[in-house]
1. Can you tell me which residues in region 334-358 are part of a strand (DSSP E or B), closer than 14 Å to residue 312 by Cα and at pLDDT below 95?
2. Inside region 240-332, counting only strands (runs of 3 or more DSSP E) that do not spill past its ends, which hold 2 or more residues that are over 21 Å from residue 121 (Cβ atoms)?
3. Just to be sure, is residue 401 at pLDDT below 95, over 27 Å from the mean Cα position of the chain (by Cα) and not assigned by TED's automatic domain parsing to the domain that holds residue 236?
4. Of the numbered conditions (1) under 25 Å from residue 467 (Cβ atoms); (2) modelled with pLDDT of 95 or more; (3) crowded, with 21+ Cβ neighbours inside 10 Å, residue 422 fails exactly one; give the number of that condition.
5. From the list 324, 292, which residue is free of Cβ contacts under 8 Å to residues at least 60 places away in the same chain, surrounded by fewer than 20 Cβ atoms within 10 Å (Cβ to Cβ) and not assigned by TED's automatic domain parsing to the domain that holds residue 117?
6. Which condition does residue 142 not pass, out of (1) closer than 19 Å to residue 269 by Cβ; (2) touching a residue at least 12 places away in the same chain (Cβ under 8 Å), if it passes all the others?
7. Within region 41-51, can one find any residue that is free of Cβ contacts under 8 Å to residues at least 24 places away in the same chain and at positive phi?
8. I'd like to know if region 253-269 contains one or more residues that are in the same structural domain as residue 90 (by TED's automatic domain parsing) and within 16 Å of the chain's Cα centre (by Cα).
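The values are calculated or read from the model by the stated rules, or taken from the named source; none is laboratory data. All figures in this text were calculated on a predicted structure; none of them were measured in a lab. Because the Cβ atoms are built from the backbone with ideal geometry, glycine has one as well, and the counts that use them run over all protein chains shown.
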């Protein structure tokens with residue numbers, strides 16, 4: 001069961017990884033909007049077709065205009081995908097309308113949502129979910145429209161569930177949203193039971209569960225709003241904490257002064273504040289000192305950090321490289337950190353570069369950066385961390401996926417910690433083995449899977465003699481895999497191929513990447 005699920009999960013991730021995150025969310029919401037429009041024609045959902053069309057047109061026009069003006073003033077790249085995603089989310093949250101007061105309130109919500117991206121922000125990241133902020137203000141102030149959450153209807157449950165799962169699978173936030181849903185549904189059931197007792201009514205668990213799942217906006221809120229990366233904290237336990245808090249507040253809305261409740265989008269905003277508290281940090285900028293090719297197709301960049309930068313071995317950073325005419329993937333990327341925390345303020349990252357015929361605009365901009373250029377770090381993230389203690393570890397790296405392991409092994413070496421580590425290093429050929437000298441100095445046992453035999457391997461390194469790395473090959477060279485916690489950093493297809501062997505590991509942590 002574990003084997004088939006892991007393989008399926010990684011193959012789906014490999015397929016979805018070919019689509020940029022913004023476009024995947026946009027296509028999912030557009031599909032949901034088209035389904036809702038068809039259902040409205042048959043009066044299966046509450047908004048009228050013309051109200052849906054008019055409301056979306058107003059939201060898309062207003063948000064796109066505000067984004068375009070502000071981003072031009074701030075010399076930021078304009079991303080139509082971001083504008084349309086915000087417009088579509090607001091379309092499903094607000095009550096659509098056709099009258100001038102209703103459309104005026106909808107337009108105001110769009111303006112507030114767009115403006116919040118730039119005004120209510122810190123170090124390039126959103127503090128509050130833009131759509132939730134716009135909807136909350138117009139609802140509390142009674143400005144022509146209100147947050148109706150009409151998307152929470154049985155007719156849209158299946159489309160929201162399927163499209164939301166696609167988005168969450170791509171962002172690997174399925175578990176975060178599951179925690180939110182479990183908490184929200186459990187609290188909702190408790191609230192319904194308490195209210196039934198207060199009013200002397202019968203409480204039927206089946207009816208209450210159906211209401212909580214099929215007639216509430218929890219699924220849409222979790223899949224398309226709570227999961228937004230720009231408002232989530234860096235560590236998984238922090239994300240679980242935020243999800244649980246939002247689940248409690250959404251499941252049992254609290255009245256404030258008898259005027260309004262802390263329900264749905266306002267619950268999310270409170271969760272955003274907790275996430276911001278977790279992620280609060282000072283300004284960190286990196287000055288490029290040196291670049292070099294570590295393999296014929298991979299470059300390493302060495303920076304000097306300015307500001308208080310903290311990270312754990314195995315984590316990654318998000319690097320902002322502003323440039324003109326960015327493509328659909330934008331101006332930010334995530335990079336595993338090669339250097340160890342002990343190396344600060346020197347910090348190194350590496351990325352695959354030279355073998356791509358059509359590099360992204362980001363890679364072209366990064367390749368053009370000269371020593372002395374200053375770039376901004378928007379955060380350090382991730383839970384790809386070695387377990388505490390001295391338990392044996394298996395590291396499996398494909399190509400440039402070795403970078404987090406270099407950081408971890410260097411940190412173990414600098415701190416004098418002794419640990420039984422086996423690194424399985426996969427590359428297309430021996431010339432693509434990066435950081436050989438640094439890895440050799442750590443003393444870790446390394447098994448190399450390449451087509452050709454590498455020359456001059458250290459004593460504790462072995463070549464797999466051209467064997468392809470699959471489940472059988474992994475078990476042959478690491479027979480004690482059952483005693484080891486496995487860490488895999490590489491393409492999803494490789495992880496899928498290794499699933500039968502990984503099932504036997506003492507534990508498993510993956511760091512799949514689909515490229516950019």
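1. 335, 336
2. The qualifying strands (runs of 3 or more DSSP E) are 285-295, 298-306.
3. No; evaluated as a whole, the condition is false for this residue.
4. Every listed condition holds for residue 422 apart from (3).
5. 292
6. Single failed check for residue 142: (2).
7. yes
8. Looking through region 253-269, none of the residues is in the same structural domain as residue 90 (by TED's automatic domain parsing) and within 16 Å of the chain's Cα centre (by Cα).
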